[in-house]
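Heads up, the thing below is written out as structure tokens.
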Amino acid sequence: MKKLIAGMLLMCLAACKKESVYGPLQLRNGQEVELLVDHRYAADQDRLLKLPEQANAGASLLGFTNREPGYTYRVKARFNHNDNPPADGASETYEFINIISREKYQGNESFTVPLVVSYVPGGPFIRLGKEGNDYYIESGKLQLTYTDPTIAAQLEEIWQYNLSLRANPASAARLKWTAIKATVTHDPQKFGKAYLVQQLEFKQ
């Protein structure tokens, strides 16, 4: 009888452990979910939602390397919880599995992209590169284009300042600007590869 009770207790404890849930969405470790990935890649408004609730996913999606700006995706992902995350890592993440659907964004609404960003560990840095005459947020993936010569001059100013930081890394501890916001739309001439900059806002 005692062995039976002990066995039942062990089974109950195992079941309770198996059903442990995490985060505001109460997800199980390893649970597969469907997520909605926004078309505004790298933007302030870039959203990751859990479906079908369309609730904030509450964690980052890792491993979705073939994502293209300008497209909304439905993807399958696996929720992972880590009780002992690294010092610079999150305790909860989603692991990309596969694409369910992909839809081109048809609107022309503007959104903002931060050009001064921070990652842990490390301080703030300016996210702008240049190859030839072209400016990039991410080399080979996301270009910043322009039609206004004022925007061109401002991008060049940012780039030259970034070059000075690379030549003197110690000066990067205190940047000239605390924030730079680029107001952009998807560039119809290079859709999925570039944002067309309409305005740059600097904050010192």
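What follows is calculated from the coordinates using simple rules that are stated; it is not laboratory data. Everything numeric in this text was worked out from a predicted model, so none of it was measured. Positions of Cβ are generated from backbone atoms using ideal geometry, with glycine treated the same way; all protein chains shown enter the neighbour counts.
Ordering of 76-88, 38-50 by packing is 38-50, 76-88, highest average first (other Cβ atoms within 10 Å, averaged per residue). Within a straight-line Cα-Cα reach of under 14 Å, LYS104 can be paired with the following aspartates and glutamates, leaving aside sequence neighbours fewer than 8 residues apart in one chain: ASP38, GLU68, ASP187.
The alpha carbon convex hull volume per residue for region 138-180 rounds to 91 Å³. Once both labels are positioned 7 Å from their Cα atoms along Cα-to-Cβ, the gap between ILE97 and VAL21 label points is 1.8 nm. Rounded if a/c is under 1.5, else prolate if a/b is larger than b/c, else oblate: which is region 76-129, with a ≥ b ≥ c the root eigenvalues of its Cα gyration tensor? Oblate. To the nearest ten degrees, helix 2-18 and the longest principal axis of the Cα atoms of the chain are 10 degrees apart.
Scoring 164-175, 92-103, 191-202 by mean Cβ neighbours within 10 Å over their residues and listing the highest first yields 191-202, 92-103, 164-175.
Please get the size of the charge dipole for the chain, origin at its Cα centre, with Cβ charges of +1 on Lys and Arg and -1 on Asp and Glu, quoted in debye to the nearest 20.
It comes to approximately 720 debye.
So which of LYS130/LYS190; LYS50/LYS190; LYS50/LYS181 end up more than 19 Å apart, counting from Cα to Cα? Intermediate results must be reported in sequence, preceding the final value.
Numbers: LYS130/LYS190 17 Å; LYS50/LYS190 29 Å; LYS50/LYS181 28 Å.
Exceeds cut-off: LYS50/LYS190; LYS50/LYS181.
Helix 149-167: angle to the longest alpha-carbon principal axis of the chain, degrees 0 to 90, nearest 10? The two axes meet at around 70 degrees. Just to check I understand the Karplus step: with θ = phi - 60° and J = 6.51 cos²θ - 1.76 cosθ + 1.60, what whole-Hz values come out for region 170-187, glycine and proline as x? Using θ = phi - 60°, the values come out as 4, 6, 6, 4, 9, 6, 4, 10, 7, 7, 9, 10, 9, 8, 9, 10, 5, 6 Hz. For the chain, the pair-distance distribution built from all alpha carbon pairs, in bins 5 Å wide starting at 0, is 1, 6, 12, 15, 14, 14, 12, 9, 6, 3, 2, 2, 2, 1, 1, 0, 0, 0 percent.
Which log10 I(q)/I(0) values does region 111-203 give at q = 0.17, 0.20, 0.23, 0.25 Å⁻¹ under the Debye formula, counting every alpha carbon as one identical point scatterer? The Debye formula, applied to the Cα set alone, gives -0.72, -0.98, -1.26, -1.44. Only helices enter the 222 nm calculation for the chain: every DSSP H run of n ≥ 4 contributes -39,500 (n - 2.57), and dividing by all residues gives -6000 deg cm²/dmol, rounded to 500.
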